[in-house]
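The values are calculated or read from the model by the stated rules, or taken from the named source; none is laboratory data. The structure presented is a predicted model; accordingly, all values stated were derived computationally and were not measured. Note: ideal-geometry Cβ built from the backbone for every residue, glycine included; neighbour counts use all protein chains shown. Calculation scope for accessible area: heavy atoms of the full protein, side chains included, ligands and nucleic acids excluded. Shrake-Rupley method; radii C 1.70, N 1.55, O 1.52, S 1.80 Å.
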Amino acid sequence: MIASALGLAAGTAFAQDFGGQEDQDYARQLWQNMEERNLAGEGAVQAFPYPGTDPHGVMLETFYTDATVDGHTGALVIKRNYGPEGVTVDQVLDNRGDHLAAVTVMFRRVEGYAPESGNWFWAKYLPDGSLDETPEGTPIAGMAQGCISCHSTAEGENYLFTTNADLN
């Protein structure tokens, strides 16, 4: 019960700093960086999709790289989320655009940004690069509590489920 209360309190603290104009502006800069490097948008590099799980999608593509935003270079994890339920690898390969539901991103910001969550910045974009929103209408960018609470359960201290790589 105490752990639940602490989790709720932490969630409230994160939610207050989540999705504001500063986070939205930063997310736009990050998307622009990804587009310029052909990691998002029209003509984006492609990988072979693999089966995924909720909340990311039935089929996924994941890329590990780095990016520079506002003069800071940090680790960047890009996950393309494909659906709907039942979609196959072949269907995604045949027409990615029809199946791309979202692009979820983790970007490691400067030391001290959010030390309690590995200094990760989360964003969830729609295929056109606009930010997705929570059911309450908050843009999903910044210290997204739903992302943090799930990714904090990943093995190790990097908040990543799909690799044990040491991403700076």
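Within region 95-109, is even one residue surrounded by fewer than 19 Cβ atoms within 10 Å (Cβ to Cβ), farther than 17 Å from GLU36 by Cα and in contact with a helix residue (DSSP H, G or I) (Cβ under 6 Å, 6 or more places away or on another chain)? No: zero hits. Please go through region 104-151 and pick out each residue that is touching a residue at least 60 places away in the same chain (Cβ under 8 Å), part of a strand (DSSP E or B) and under 12 Å from the mean Cα position of the chain (by Cα). Across region 104-151, the qualifying residues are VAL105, PHE107, ARG108, PHE121, ALA123, TYR125, LEU131, ALA141, GLY142. The residue that is most open to solvent (accessible area, probe 1.4 Å), counting only those in region 152-168 that are over 21 Å from PRO51 (Cα atoms) and in contact (Cβ under 8 Å) with a residue 24 or more places away in the chain, is GLU157. If you check GLU36, GLU22 for being over 18 Å from ASP128 (Cα atoms) and either modelled with pLDDT of 95 or more or open to solvent by 40 Å² or more (accessible area, probe 1.4 Å) (or both), only one passes: GLU22.
Of the residues contained in region 67-84, one or more are found to be open to solvent by less than 40 Å² (accessible area, probe 1.4 Å), out of contact with any Lys or Arg (no Cβ under 7 Å at 6 or more places or on another chain), in a loop (DSSP other than H, G, I, E, B) and within 22 Å of SER130 (Cβ to Cβ). With respect to (1) within 15 Å of TYR159 (Cα to Cα); (2) in contact with a strand residue (DSSP E or B) (Cβ under 7 Å, 6 or more places away or on another chain), the lone exception for GLU116 is condition (2).
Among the residues of region 130-151, how many are touching a strand residue (DSSP E or B) at 6+ places or on another chain (Cβ under 8 Å) and surrounded by 15 or more Cβ atoms within 10 Å (Cβ to Cβ)?
Within region 130-151, residues that are touching a strand residue (DSSP E or B) at 6+ places or on another chain (Cβ under 8 Å) and surrounded by 15 or more Cβ atoms within 10 Å (Cβ to Cβ) number 11.
Counting only residues that are in a strand (DSSP E or B) and under 14 Å from the mean Cα position of the chain (by Cα), region 35-66 holds 7 of them.
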